[in-house]
Amino acid sequence: MSTEKFDAIVVGAGPAGTSAALTMAKGGLSVALIERGESPGAKNVFGGVVYKWPLEEMIPKFWEKAPIERKIIDHRMVILGKDSGFSVSYKDDYLGMETRGGFTALRSRFDPWFAQQAEEAGATLVTSMPVSEVIEEGGRVVGIRAGRGKENELYAQAIVAADGVMSTVLQKAGIRGPPAAEDVAIGLKEVIELPSDTIESRFNLKRGYGARLDYLGSVARGKSGGGFVYTNSNTLSVGIAVLLSHLLELRCKPYEILDEFKSHPVVAPLLEGGRVKEYQAHLIPEGGLQSIPPLASRGVLAVGDAAMLCLYPEGTNMAMASGVMAGKTILESKKTGDFSIQRLMLYERLMKESYIFKEHSRKKNYHNVLTSGDRFNTDYPDAITEIMRNILVVDGVDRGTKHAAARKVIRDKVGYVRVLRDLYRDIWSALPW
Amino acid sequence: MVNPPSRKIDERLYVNRYNVHSENHLHVDQSKCQECRDKPCTFSCPVDDYVWDPELKRLTVFYEGCVECGACVVVCPYHKIALDYPPAGRGVNFRFG
């Protein structure tokens, strides 16, 4: 396939790239969807939850055919102390209808299915093809070179960089470098096999429905990090993420933090008897608004992780939404025959008006909270543990005295002013809901 | 045939599926390794690909277990590590992902 020319080349067949390819193929464009793995998903890692929006806009009633693991009806947030856990849970069958509460998935099953939808719409999927270079002409990227030895070249009117957090395309095009250590977390995940009956009884679930448990607080030795346990059909996705710059301060191996999480007394019973089937790692964009690179630059539209669009706990939906907008932008260009860099800036305008930027703007303090919010990983979890232990042990001391002691704990550990300030501002960046 | 050195991480990695390429895709320029104080690649890598040999004063790179996450590229204080993805479907192939 040497020197072929397409309307658009999409690099990376993950949620972002496939969304872009599907959107454009449906609009009648010639699209090449290039994937470096032997099949879509083979190189991908994520926590495990996909959301209804914007997938439904691309594939109506997808829940009837997509490889869904479990429909999530139980959302649990757990603040871990050193040996304790304070949980808030919301469980509702309504969330399970039409996957309103999201669904768990496995990349190696979901991504090939999703890419197949793009193929059926007319996109050309090419797998096992890592992009090695971009081809530049007159100040813009006009194509890519893939593979080694064969020197295959592909040309297009526009390029979509959907090749993840370490984006080769953006780096080779000089649009951004590798991410900074304070802008990414390292995520580690194990897929742990358990019989589906065991999962259902252990997590109190009906057949086919699932729970997502997100753990905050003392996960990463007092540094910024979180953990999760998501239920799949007959596996659990169990993992941690820790800010890479904080890992450098801890000077420990990331899997030591995973092992500590797995053996935490609140977590361990959920995993008991399970067999590890896979061990994965990936970098997760955590830089928030300030880390987003130029979205439309030099003929390249950056989407998904390549554009650093993750925002805890969401990622796949932002990836998909950005892919759709990039696709729509290129469709517009095709209509008018104007693929100028100026015209492609439409993508940036669409993005700035979208859910993605509204959420990133709302959580604009997210990155600050992550890098300097030790109180969320140490002070608050410690205070909660001390207060709850004191209050829940009935030992003849009256509750009035215990409540006074609780107020003292809050005053000494964090201070009233800071609590108020956090309630007003920072807590909304730290929480998943 | 000499057995490769057994490392603790191998117990973790044996469940993964790899299609190992004959060539190392992790390119390390070791000119700064000796003066590098923390050697963050040796502890940040989730699969222990980087092992410092204090006698030879060299890094040994066990690229075979690489999960292609890119952490080493990000943490190297001298920006001397380049991750060049393995060709055509080689490297790690996640069965679950």
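I need to check one value: relative contact order of chain A, counting alpha carbon pairs closer than 8 Å and at least 6 residues apart, in percent.
20 percent
Suppose every Lys and Arg Cβ carries +1 and every Asp and Glu Cβ carries -1, with no other charges. What dipole size does the stretch B:23-92 come out with about its Cα centre, to the nearest 20 debye?
That gives the stretch B:23-92 a dipole magnitude of about 200 debye.
Using the beta-carbon distance between A:ALA268 and A:GLU137 and R0 = 45 Å, what value does 1/(1 + (r/R0)^6) give for FRET efficiency, to the nearest 0.05?
That pair, A:ALA268 with A:GLU137, gives E of 0.20.
Near A:LYS335, which aspartates and glutamates are there with a Cα under 16 Å away, not counting those fewer than 8 places off in the same chain?
Partners found: A:ASP7.
Apply the Karplus parameterisation 6.51 cos²θ - 1.76 cosθ + 1.60, with θ equal to phi minus 60°, to every residue of the stretch A:121-138 and state each ³J(HN,Hα) to the nearest whole Hz, in sequence, with x for glycine and proline.
For the stretch A:121-138, the Karplus-derived couplings read 7, x, 6, 9, 8, 10, 9, 6, 10, x, 6, 9, 9, 9, 9, 10, 8, x Hz, x marking Gly and Pro.
If I take every Cα pair under 8 Å that is 6 or more residues apart in the stretch A:365-433, average their sequence separation and divide by the length, what percent do I get for the relative contact order?
Result for the stretch A:365-433 is 53 percent.
Is it possible to state the helix-based mean residue ellipticity at 222 nm for chain A, with each DSSP H run of 4+ residues giving -39500 (n - 2.57), the sum divided by total residues, to the nearest 500 deg cm²/dmol? What is it?
That comes out to -9500 deg cm²/dmol.
Does the stretch A:115-265 classify as rounded, prolate or oblate by the C-alpha gyration tensor (a ≥ b ≥ c root eigenvalues; a/c under 1.5 gives rounded; else a/b over b/c gives prolate, otherwise oblate)?
Oblate is the answer for the stretch A:115-265, as a/c is 1.5 or above yet b/c matches or exceeds a/b.
Give A:LYS189/A:LYS253; A:LYS172/A:LYS364; A:LYS52/A:LYS364; A:LYS91/A:LYS277 a once-over and call out the pairs whose C-alpha atoms are over 20 Å from each other.
The pairs that break the limit, which is 20 Å between Cα atoms, are A:LYS172/A:LYS364; A:LYS52/A:LYS364; A:LYS91/A:LYS277.
Computed on protein heavy atoms with a 1.4 Å probe, what is the summed buried accessible area for the chain pair A and B, in Å² to the nearest 100?
3500 Å²
Treating the angle as unsigned and between 0 and 90°, give the value, to the nearest 10°, between the Cα long axis of helix A:15-26 and the longest Cα principal axis of chain A.
Tilt relative to chain A: about 40 degrees.
Quickly work out the B:TRP52-to-A:GLU120 label distance, labels modelled 7 Å from Cα along the C-beta direction, and quote it in nm with one decimal.
5.4 nm
Can you give me the long-range amide H partners of A:SER30? Hydrogens built in the peptide plane at 1.01 Å from N, cutoff under 5 Å, separation of 5 or more residues or another chain.
Amide H neighbours of A:SER30, under 5 Å, 5+ apart: A:ASP7, A:ALA8.
Would you mind working out the accessible area per residue for chain A, using a 1.4 Å probe, and quoting it in Å²?
Using a 1.4 Å probe on heavy atoms only, each residue of chain A averages 39 Å².
How much of the DSSP beta bridge set in the protein assembly as shown is antiparallel, as a percent to the nearest 5?
Counting DSSP beta bridges with both partners in the protein assembly as shown, the antiparallel share is about 70 percent.
By DSSP, what percent of the beta bridges with both residues in the stretch A:8-164 are antiparallel, rounded to the nearest 5?
The antiparallel proportion sits near 65 percent.
So if we plug the beta-carbon distance of A:VAL397 and A:ASP197 into 1/(1 + (r/R0)^6) with R0 = 41 Å, what FRET efficiency do we get, rounded to 0.05?
Taking R0 as 41 Å, the efficiency between A:VAL397 and A:ASP197 is 0.40.
Sequence neighbours fewer than 8 away in the same chain don't count; with that in mind, list the aspartates and glutamates whose C-alpha is under 16 Å from A:LYS402.
Those aspartates and glutamates meeting the cut-off are A:GLU386, A:ASP412.
Per residue of the stretch A:330-338, in order, report the coupling 6.51 cos²θ - 1.76 cosθ + 1.60 (Karplus, θ = phi - 60°) as ³J(HN,Hα) in whole Hz, putting x for Gly and Pro.
5, 4, 4, 4, 5, 4, 8, x, 10
Leaving ligands, DNA and RNA out of it, work out the accessible area of A:TRP428 with a 1.4 Å probe and give it in Å² to the nearest 10.
Approximately 120 Å² of A:TRP428 is accessible to the 1.4 Å probe.
How far apart, in nanometres, would the label points at B:ASP29 and A:TYR155 be if each is projected 7 angstrom from Cα along the Cα-to-Cβ direction?
Between B:ASP29 and A:TYR155, the label points sit 3.3 nm apart.
Could you give the length gained by full extension between A:MET97 and A:LYS206, i.e. 0.36 nm per residue of separation minus their alpha carbon distance, to one decimal place?
Contour length minus Cα-Cα distance gives 37.9 nm.
Give the cross-link partners of B:LYS32 among the aspartates and glutamates, using a straight C-alpha distance below 19 Å as the criterion and excluding same-chain residues fewer than 8 apart.
The qualifying aspartates and glutamates are B:ASP49, B:ASP53, B:GLU55.
Dipole of the protein assembly as shown, Cα-centred, from +1 at each Lys and Arg C-beta and -1 at each Asp and Glu C-beta, to the nearest 20 debye?
960 debye
Quickly estimate the mean residue ellipticity at 222 nm for chain B, helices only: each DSSP H run with n ≥ 4 gives -39500 (n - 2.57), and the total goes over all residues, rounded to 500.
Computed mean residue ellipticity for chain B: -2000 deg cm²/dmol.
Identify the GluC sites (Glu not before Pro) of the stretch A:231-299 meeting these criteria: DSSP loop state and at most 13 other C-beta atoms within 10 Å of the C-beta.
A:GLU272
Hey, quick one: spin label on A:ALA405, modelled 7 Å out along Cα-Cβ, who in the stretch A:67-110 has an amide N within reach, i.e. under 20 Å?
Residues passing the 20 Å test: A:81-86.
5 Å is the cut-off here: which amide hydrogens, built 1.01 Å from N in the peptide plane, fall below it relative to B:ARG58, excluding neighbours closer than 5 in sequence?
B:ASP53
If each of A:LYS82 and A:ASP374 carries a label point 7 Å out from its Cα toward its Cβ, how far apart are those two points in nm?
Label-label distance for A:LYS82 and A:ASP374, simple model: 1.6 nm.
Set the Förster radius R0 to 35 Å, insert the Cβ-Cβ distance between A:TRP428 and A:ASP338 as r into 1/(1 + (r/R0)^6), and round the FRET efficiency to 0.05.
0.25
Can you give me the relative contact order of the stretch A:156-306 as a percent, contacts being Cα pairs under 8 Å and 6 or more apart?
38 percent
The values are calculated or read from the model by the stated rules, or taken from the named source; none is laboratory data. Predicted model only: the values in this text are computed from it and were never measured. Virtual Cβ from ideal backbone geometry, glycine too; neighbours counted across all protein chains shown. For accessibility, only protein heavy atoms count, side chains too; no ligands or nucleic acids. Shrake-Rupley method; radii C 1.70, N 1.55, O 1.52, S 1.80 Å.
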